[in-house]
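Here's a structure for you.
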Amino acid sequence: MKCPFCQGSSHVVDTREVAVSIRRRRECDACGQRFTTYERIAATNLQIIKSDGRREDFNRDKLIASMRLACAKRPVSVDTLEAIAAEVETSLYRLGRTEVPSELIGEQVMRQLRQLDDVAYVRFASVYRRFADLEVLAEEIDQLRLSKELAEERRRQIAMEL
């Protein structure tokens, strides 16, 4: 593989399996720069049915870009976003359908972000669900707060039982 920095040849330093792909850490033989590549099977084209009825090809990079926007200035690594995208993509292909509604993707991403980072979840949900006003947004935040409190209470109860 050619180096993206100087176009020299590179060698593999480390290889790991990540969800539906293989992650390879490479080092350029000429300039010494390190970079990461992902190798995955080219699957059949998956069509996404948008909310207005349009259809477009599934684009993993577009999915990652939307999550990166939601996670901007948050302590969430790109590797974590790649893993979420891989998990969502795998679940879509496992459905065995050639067309899936965009709502399905949005719900899966929101479920993952809700567990990962509250602020990123609210950012993504505000765009995805198109909150009409501040009251609807406040209700969503209250629900998030309540579910976090219930989970914390469950953890405390389990800790006390031990």
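The values are calculated or read from the model by the stated rules, or taken from the named source; none is laboratory data. Computed from a predicted structure; not experimentally measured. Quick reminder, even Gly has a Cβ in these numbers, built from the backbone with ideal geometry, and neighbours come from all protein chains shown.
Considering only residues that are surrounded by fewer than 13 Cβ atoms within 10 Å (Cβ to Cβ) and not charged (D, E, K, R), look in the range 32-46 and name the one that is farthest from the chain's Cα centre (by Cα).
Only one residue tops the list, namely Gly32.
Another question about this same structure. Just to check your reading of the model, which residue among Glu153, Glu103 is of a type in the set (D, E, K, R), over 20 Å from Asn59 (Cα atoms) and part of a helix (DSSP H, G or I)?
Checking each option against the conditions leaves just Glu153.
Just give me the residues in the range 1-34 being among the polar types (S, T, N, Q), touching a Phe, Trp or Tyr at 6+ places or on another chain (Cβ under 6 Å) and either more than 19 Å from Ala85 (Cβ to Cβ) or outside any strand (DSSP E or B) (or both), in sequence order.
From the range 1-34, those among the polar types (S, T, N, Q) are 7, 9-10, 15, 21, 33; that's our starting set.
Next cut, touching a Phe, Trp or Tyr at 6+ places or on another chain (Cβ under 6 Å) only: 21, 33.
Passing the criteria: only Gln33.
Now for a separate question. I'd like to know if the range 48-60 contains one or more residues that are of a type in the set (A, V, I, L, M), assigned by TED's automatic domain parsing to the domain that holds Ile84 and without any contact (Cβ under 8 Å) to a residue 60 or more places away in the chain.
yes
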